[in-house]
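Down below is the structure, laid out as structure tokens.
The values are calculated or read from the model by the stated rules, or taken from the named source; none is laboratory data. Worth saying up front: this structure is predicted, and the values here are computed from it rather than measured. Neighbour counts run over all protein chains shown; Cβ positions are idealised from the backbone, glycine included.
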Amino acid sequence: MFTDTLTRATMAGMDTSSDESVRDPWPGKGPVVLCGLGRIGTGVLHLCRRLGKEATVITLKAPAEAGPARDPGVRVIEGNVCDEEVLMRAGIAGACALIAVTDDDRANLTVALHARSLAPEIPVVVRLFDQDLAAHLRAVLGIRQSYSASALAAPSFVAAARGDNVRTTLDLDGRYWMVEDLVIDSGSPWQGRTLADVATDGKVPLVHGREDRQTFAPASNVTLTPGDRLTVLVPPPAPSRPPWRRRLSSFARTLHAWWKSTPRGLRLALYGLLGLVAVSVGVFHVALGLSPIDAYYFVITTLSTTGYGDINLQTAKPLVKIYGTLVMVSGGALFAVIFSVMTDLLLRTRFADVVAQGTNYLRDHTIIAGLGHTGFRVLRQIAAPHEEVVVIEKSPEARFLGPARALASVIAGDAAAMEILQRAGLAGAKSVLAVTDDDLTNLSIALASKRAHPECRVVVRVFDRALALRLQATLGIDAVVSVIDAVAPAFVGAALDENAIHATLVRNHLLVFVECDGPANNAHPLLIKRPGKDYEPLSAAQPITPGDRIVAARWIALRN
């Protein structure tokens, strides 16, 4: 029965006329109770209304006459979300879901605790940065889902950095699958081939579009023709280079850059020392009859004034003794110069900056400007396939500096300054991600990067969606990612489905990815994970056994 159900779901395509979008996708009949009407809360509310759901909003300050206050499907209650009486006035007992997305983790946690006592059965989705705490709360309090806004936004920035055709990335056990758009034209390698061929290449077809018609979970026998649009789930890319090769290459670049940037006096002293060693080895090899190794050993003990006494010049000719004293004096002088210059260099330059000096010689790497919550999570995703990454962070007290240095080269400085961008290797970078917490700073970084290196792909983080669209259209920036658009779908998706792990917007639909043991209701199976293995595309012929995990997708239409 299990396999038959799964086979029918896998083989059957769903177009927009037969999709569940014509039905109410919400698990209950009551309104959604939304706690917090900040930037993220506004995005969540807008998406709920596009799904046809009424909402009750709790906020400390009622909004102006525009927006939610004028929407007949939105009820606004002014009050403290941590107050049980306010939650009761909001109708939490009869609500279909509770979403707490205030900017205060403590307030969101308090809301979740009150919900457990006031309405134990209501699905609760909260915003929490500390995901370790969130996992504990899900187990103890029965919270349906808890998300960090920065963790939700990171896949959108990674996708934008990889190209216009990548919509988002899906984290499955630390491996990142990509949701990617393909356009079939006359020169496409997929023209005339079927979706079964696409699946053979490792891609999982999600949506097939032809003219004005869209088919979700299309059948494998569909033949692709010019003008078709295809959305697919692409497996994680193979590592570009093994970790040890990446570290070796970075070390070599660091040494080369350090040598070129050292003072001229230090380089002359080192050249003089090497020359003195080479000449002295030859002199003592001939004059004392020593083997080359013994002669080298004697020169080093003499230069370092160690003088073990096992080899000495007591019986040597006078000229050899005089030369030996010159070696002692010259060696001491050269060592003094070298140590003094190196000490001065290290005192004047941060050691972390010395290590990162080789970054300006990098090619085809990614630059991340800003090491806040979002920047660090983006770094973890991009660095996962062992790609070269350079991080620029202005604050020496940044929370994630230590962990970031284990993944990438870190440069201290203002990323808006051209000198710092050049040190990060802007001339050879394939992409720059401006993800600081300030929209204007990100815009300044993006414009400076684009002026200096027009071929580089530039991605900017902004909170305001309207501003994001205007910037991308007028300033020539490759991608402007609205944090609200990246975050809101996941909160709404979790409220819709208890098995949701991620959600995004695709072609005027909400695409919700769910993960469960066996097929999920109203969801199309995509991937399978067997014990001890990674996720892989699921075919109808594959048998499903106990212990297997399934990733499936739901498509829900949005109203205009």
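Tabulated values for the structure
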item	result
Condition broken by MET88, with the remaining ones in (1) modelled with pLDDT of 90 or more; (2) under 20 Å from ALA494 (Cα atoms); (3) part of a helix (DSSP H, G or I) satisfied	(2)
In the range 542-559, residue nearest to THR231 (Cα to Cα) [restricted to those that are in contact (Cβ under 8 Å) with a residue 60 or more places away in the chain and in a loop (DSSP other than H, G, I, E, B)]	LEU558
Per-region count, the range 106-136, residues under 24 Å from the mean Cα position of the chain (by Cα) and outside any helix (DSSP H, G or I)	6
Set ASP364, ASP344, ASP353: member being of a type in the set (D, E, K, R) and modelled with pLDDT of 70 or more	ASP364
Of all residues in the range 474-521 being charged (D, E, K, R) and more than 30 Å from SER444 (Cα to Cα), the one that is nearest to the chain's Cα centre (by Cα)	GLU515
Hey, GLY275 modelled with pLDDT of 90 or more, under 20 Å from VAL329 (Cα atoms) and in a helix (DSSP H, G or I) or not	no
Filter result (surrounded by fewer than 22 Cβ atoms within 10 Å (Cβ to Cβ) and farther than 23 Å from GLY174 by Cβ) within the range 502-517	LEU505, VAL506, ARG507, ASN508, HIS509
Qualifying residue in the range 259-272 (condition: modelled with pLDDT of 60 or more, of a type outside the set (Val, Ile, Thr) and touching a Gly at 6+ places or on another chain (Cβ under 9 Å))	no
The range 504-522: number of residues that are free of Cβ contacts under 8 Å to residues at least 40 places away in the same chain and either assigned by TED's automatic domain parsing to the domain that holds ASP212 or small (Gly, Ala, Ser) (or both)	1
Tally, over the range 123-144, of residues that are within 19 Å of ILE58 (Cα to Cα) and in contact (Cβ under 8 Å) with a residue 60 or more places away in the chain	3
Count of residues meeting criterion [surrounded by fewer than 21 Cβ atoms within 10 Å (Cβ to Cβ), touching a residue at least 24 places away in the same chain (Cβ under 8 Å), out of contact with any Asp or Glu (no Cβ under 8 Å at 6 or more places or on another chain) and over 24 Å from ARG530 (Cα atoms)] in the range 184-221	8
Count - residues of the range 285-321 that are in contact (Cβ under 8 Å) with a residue 24 or more places away in the chain and assigned to a helix (DSSP H, G or I)	5
Single condition TYR176 does not satisfy, out of (1) in a helix (DSSP H, G or I); (2) of a type in the set (Ser, Thr, Tyr); (3) closer than 15 Å to ARG380 by Cα	(1)
Single residue of the range 24-55 satisfying the filter (small (Gly, Ala, Ser) and surrounded by fewer than 20 Cβ atoms within 10 Å (Cβ to Cβ)) that is farthest from VAL126 (Cα to Cα)	GLY52
Subset tally (residues that are surrounded by fewer than 14 Cβ atoms within 10 Å (Cβ to Cβ), over 23 Å from the mean Cα position of the chain (by Cα) and of a type outside the set (Gly, Ala, Ser)) for the range 522-560	7
Candidates ASP103, ASP164, ASP181 - the one that is surrounded by fewer than 20 Cβ atoms within 10 Å (Cβ to Cβ) and part of a strand (DSSP E or B)	ASP181
Residues located in the range 137-148, provided they are part of a helix (DSSP H, G or I) and out of contact with any Ser or Thr (no Cβ under 8 Å at 6 or more places or on another chain)	ALA139, VAL140, LEU141
